[in-house]
Amino acid sequence: EPEVTQTPSHQVTQMGQEVILRCVPISNHLYFYWYRQILGQKVEFLVSFYNNEISEKSEIFDDQFSVERPDGSNFTLKIRSTKLEDSAMYFCASSETENEQFFGPGTRLTVL
Amino acid sequence: GQNIDQPTEMTATEGAIVQINCTYQTSGFNGLFWYQQHAGEAPTFLSYNVLDGLEEKGRFSSFLSRSKGYSYLLLKELQMKDSASYLCAVRGLYAGNNRKLIWGLGTSLAVNP
């Protein structure tokens, strides 16, 4: 069964460093998303992406964040200058229709 | 504002039935989703309701009342593996390609033998 994959599974970085989180959505899906979940808190929407552009972003998704689809398969989230409060699990999701989003296993980001 | 409320924790017995409630206040409504999340794992899709009524899917059913801003997830014949967090999420006002989901905090369900 096709699935969303994410790499790395765990990323440790120093405050102020740039990180790139990678996702490979399911191949025939057209809609892509990034969410984050701080430990013990709710899942939070970051950004949605369709037709090679951002379709919606939350107030969390400020100038420190950017997304790219550099080729036909990858979907990346870049955080330019990480802060301690960026430590969270980051989930990528993709969907073919509006009825179901498939989530990847997540990348646990730890900012020291 | 936008808000989704669920009970924080519930406990049930193996083989029993449990109902997890969700109430929401959102700017517009275009579907309600239930996801299951085991500790340290990604959410996995359980159900989707956009019209009022009950949707049944094996041991899981989900109900929606749009006029009341209310949904519930019903789990039957509980198994130990059903111990997880159950997340209610609402898709808000549809605009263009908007697929944003607004999430509740989740209900942590413990199934005891």
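The values are calculated or read from the model by the stated rules, or taken from the named source; none is laboratory data. The model shown is predicted, which means the values in this text are computed figures rather than measured ones. Because the Cβ atoms are built from the backbone with ideal geometry, glycine has one as well, and the counts that use them run over all protein chains shown. Just so you know, the surface numbers come from the protein's heavy atoms only, side chains and all, with ligands and any DNA or RNA stripped out. Shrake-Rupley method; radii C 1.70, N 1.55, O 1.52, S 1.80 Å.
Tabulated data
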| quantity | calculated |
| --- | --- |
| Number of the condition not met by A:Gly40 [criteria: (1) within 11 Å of chain B (Cβ to nearest Cβ); (2) under 17 Å from B:Ala42 (Cα atoms); (3) at pLDDT below 95; (4) open to solvent by less than 50 Å² (accessible area, probe 1.4 Å)] | (4) |
| Answer residue from segment B:26-51, given it is touching a residue at least 12 places away in the same chain (Cβ under 8 Å) and surrounded by fewer than 12 Cβ atoms within 10 Å (Cβ to Cβ) and is farthest from A:Thr107 (Cα to Cα) among those | B:Leu51 |
| Given (1) in contact with a strand residue (DSSP E or B) (Cβ under 9 Å, 6 or more places away or on another chain); (2) more than 11 Å from every other protein chain (Cβ to nearest Cβ), index of the condition A:Asn28 fails | (1) |
| Some residue of segment B:69-80 being in a strand (DSSP E or B), within 28 Å of A:Ser58 (Cα to Cα), among the polar types (S, T, N, Q) and at pLDDT 95 or above | yes |
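Matching residues to (1) within 14 Å of chain B (Cβ to nearest Cβ); (2) surrounded by fewer than 17 Cβ atoms within 10 Å (Cβ to Cβ); (3) assigned to a strand (DSSP E or B):
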| residue | (1), (2), (3) |
| --- | --- |
| A:Phe32 | yes, no, yes |
| A:Arg36 | yes, no, yes |
| A:Glu56 | yes, no, yes |
| A:Asp63 | no, yes, no |
| A:Leu77 | no, no, yes |
| A:Met89 | yes, no, yes |
| A:Asn99 | yes, yes, no |
